[in-house]
Amino acid sequence: MIPRVIPYGRQDIRDDDVAAVAAVLHSDWLTQGPAVPRFEEAVAARCGATHAVAVNSATSALHLACISLDLKSGDHLWTTPNTFVASANCGRYCGATVDFVDIDRDSLNLDPAALAAKLERADKAGKLPKVVVAVDFAGQSCDMTAIRALADRYGFRIIEDASHAIGGRYQGQPVGNGRHADITVFSFHPVKIITTGEGGMALCNDAALAERMARLRSHGIRRDAAIQAAEGSWYYEQSELGFNYRMTDMQAALGLSQLVRLDEYVAARHRLADRYDHLLAGLPLQTPWRDPHAESAWHLYVIRLEDSARRRAVFEHLRAAGIGVNVHYIPVHLQPDYRRLGFAPGDYPVAEDYYARAITLPLYPGLSDADQDRVVAELRTALA
Ligand SMILES: *Cc1c(COP(=O)(O)O)cnc(C)c1O
């Protein structure tokens, strides 16, 4: 018998969500309509930001964030190699040069000491970054205080890619409040903390940045009363080249409905993460580091095997047993499309060593204790 597959992540959709989407389907608006600003206001209020711009993916939000911070050809964008490719690709969409900073061995996030050293060298060479994309890996906040201090000293802007981290807290405050980052981005892909199917959002505390991102998401077009007064009420104006990155009202209604359960979801993830820590004690592996200054949203539960040579066999044993393990992340600089730009193995040794040992175990609010026990039992067998 083929065992039932336990995925590494899974959305939680309830009758309330279905009803919210159905109500939109029976309304006058399907594309961006009244539900979108309601969702934006609800997320902004929940996270303590003054502005939020909903779009069709976090990838689009990262792109709009880069444009609104004036990232252009000839500029430099730096990020972590331990992330999804989108955190780096956004710089290349703007024609900027992308480079990486190695990660901290404990947090697995961009290492502020490595960032400081690289900034000092870049300063001397006249090649300082305009934007640094700080990724809250697995839902765990970066050392945002240290990164902010470096941003103030060297004059770069911070995009916090919090695709994993909605519902997390840093120094007691919600992720997304913009105390440290210029723009924070969330993803609502189904494996993330809350979902809209596809979807993303950019939060900030700067009205001009938010206005520009909102315009760029819809072709760079303005149709406000001031410009219509001169020409007529049909009039609109493309002021710069934009895109169709709009979120639909169906998606926004689903997001609003999911947002109600954000705390419940994060609490369930915390409980399961604590339970994994307990169940995995004594095995030849490292469980996730706990930051005393932040509360992770626990998007991912990643273990590191003591013996990297066993990773492939352990991974394949688990997959064969119906455990939907995954690996986050293949270091971005090792992708063929980045090697072509000159990156090579050995460039970011901490991220590469981490990658060689990493396995992501299933973690989502609907994971039962019995299924979690099955994951751990199979892992024990694989490691025996
Ligand atoms: C999922 C993810 C993205 C992209 O999100 P989409 O909404 O799928 O575009 C970007 N960055 C990180 C770190 C992610 O995990």
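Yes/no matrix, rows are residues, columns are (1) under 24 Å from Asn82 (Cβ atoms); (2) hydrophobic (A, V, I, L, M, F, W, C); (3) under 22 Å from the mean Cα position of the chain (by Cα):
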site: Gly322; (1), (2), (3): no, no, no
site: Val327; (1), (2), (3): yes, yes, yes
site: Pro331; (1), (2), (3): yes, no, yes
site: Pro336; (1), (2), (3): yes, no, no
site: Glu352; (1), (2), (3): yes, no, yes
site: Thr360; (1), (2), (3): yes, no, yes
site: Pro365; (1), (2), (3): no, no, yes
site: Asp373; (1), (2), (3): no, no, no
site: Thr381; (1), (2), (3): no, no, no
Problem - Verdict on Ala65 being within 15 Å of the ligand (Cβ to nearest atom), under 26 Å from Gly220 (Cα atoms) and among the small types (Gly, Ala, Ser) - result: yes
Problem - Qualifying residue in region 319-332 (condition: free of Cβ contacts under 8 Å to residues at least 60 places away in the same chain, closer than 24 Å to Ala165 by Cα, surrounded by 14 or more Cβ atoms within 10 Å (Cβ to Cβ) and not aromatic (Phe, Trp, Tyr)) - result: yes
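Whether any residue in region 91-99 is crowded, with 24+ Cβ neighbours inside 10 Å, modelled with pLDDT of 95 or more, within 16 Å of the ligand (Cβ to nearest atom) and among the hydrophobic types (A, V, I, L, M, F, W, C) is what I want to check. Don't jump to the end; show me each part of the working.
First, pick out the residues of region 91-99 that are crowded, with 24+ Cβ neighbours inside 10 Å: 91.
Subsequent filtering for residues that are modelled with pLDDT of 95 or more retains 91.
Checking the rest, the ones that are also within 16 Å of the ligand (Cβ to nearest atom) come to 91.
Subset that is among the hydrophobic types (A, V, I, L, M, F, W, C): none.
Checked against the condition, which is being crowded, with 24+ Cβ neighbours inside 10 Å, modelled with pLDDT of 95 or more, within 16 Å of the ligand (Cβ to nearest atom) and among the hydrophobic types (A, V, I, L, M, F, W, C), region 91-99 yields no hits at all.
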Practice task
Kindly indicate the residue of region 333-362 that is in contact with a strand residue (DSSP E or B) (Cβ under 8 Å, 6 or more places away or on another chain), surrounded by fewer than 21 Cβ atoms within 10 Å (Cβ to Cβ) and not hydroxyl-bearing (Ser, Thr, Tyr) and also nearest to Ile6 (Cα to Cα) among those meeting that condition.
Solution key: Arg357
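Quick one: count up the residues across region 122-139 that are under 10 Å from Arg157 (Cα atoms) and near the ligand (Cβ under 10 Å from one of its atoms).
Residues of region 122-139 that are under 10 Å from Arg157 (Cα atoms), as a first pass: 129-133.
Checking the rest, the ones that are also near the ligand (Cβ under 10 Å from one of its atoms) come to 133.
Total meeting the criteria: 1.
Residue-wise test of (1) within 16 Å of the ligand (Cβ to nearest atom); (2) farther than 26 Å from Tyr355 by Cα; (3) at pLDDT 95 or above; (4) part of a loop (DSSP other than H, G, I, E, B).
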| site | (1), (2), (3), (4) |
| --- | --- |
| Ala146 | no, no, yes, no |
| Asp152 | no, yes, yes, no |
| Ser163 | yes, no, yes, yes |
| Ile166 | yes, no, yes, yes |
| Gly176 | yes, yes, yes, yes |
| Arg179 | no, yes, yes, yes |
| Lys192 | yes, no, yes, yes |
| Arg212 | no, yes, yes, no |
| Ala226 | no, yes, no, no |
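Just to be sure I understand, how many residues within region 218-234 are over 37 Å from the mean Cα position of the chain (by Cα) and closer than 26 Å to Asn56 by Cα? Spell out how you get there, then give the answer.
The initial filter retains those residues of region 218-234 that are over 37 Å from the mean Cα position of the chain (by Cα), namely 228-234.
Still in the list and also closer than 26 Å to Asn56 by Cα: none.
Number satisfying all stated conditions: 0.
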Practice task
Could you please tell me which pairs satisfy a Cβ distance under 7 Å, a separation of 6+ or placement on different chains, a first residue in region 77-89 that is under 13 Å from Val132 (Cα atoms), and a second residue that is near the ligand (Cβ under 8 Å from one of its atoms) and modelled with pLDDT of 95 or more?
Solution key: Thr79/Ser87; Thr79/Val135; Thr80/Val135; Ser87/Leu62; Ser87/Val135; Ser87/Asp161
Practice task
Report yes if Gly220 is within 16 Å of the ligand (Cβ to nearest atom), closer than 19 Å to Cys90 by Cβ and of a type outside the set (A, V, I, L, M, F, W, C), otherwise no.
Solution key: no
Fill in the blank from the handout: Only unsatisfied item for Thr184, checking (1) assigned to a loop (DSSP other than H, G, I, E, B); (2) out of contact with any helix residue (DSSP H, G or I) (no Cβ under 7 Å at 6 or more places or on another chain); (3) closer than 26 Å to Ile330 by Cβ; (4) not small (Gly, Ala, Ser), is (1)
Exercise for the section: Answer yes or no as to whether Ser27 is in contact (Cβ under 8 Å) with a residue 24 or more places away in the chain and either closer than 14 Å to Thr196 by Cα or within 20 Å of the chain's Cα centre (by Cα) (or both). Expected result: no
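The values are calculated or read from the model by the stated rules, or taken from the named source; none is laboratory data. Remember, predicted model here, so these are calculated numbers, not experimental data. Quick reminder, even Gly has a Cβ in these numbers, built from the backbone with ideal geometry, and neighbours come from all protein chains shown.
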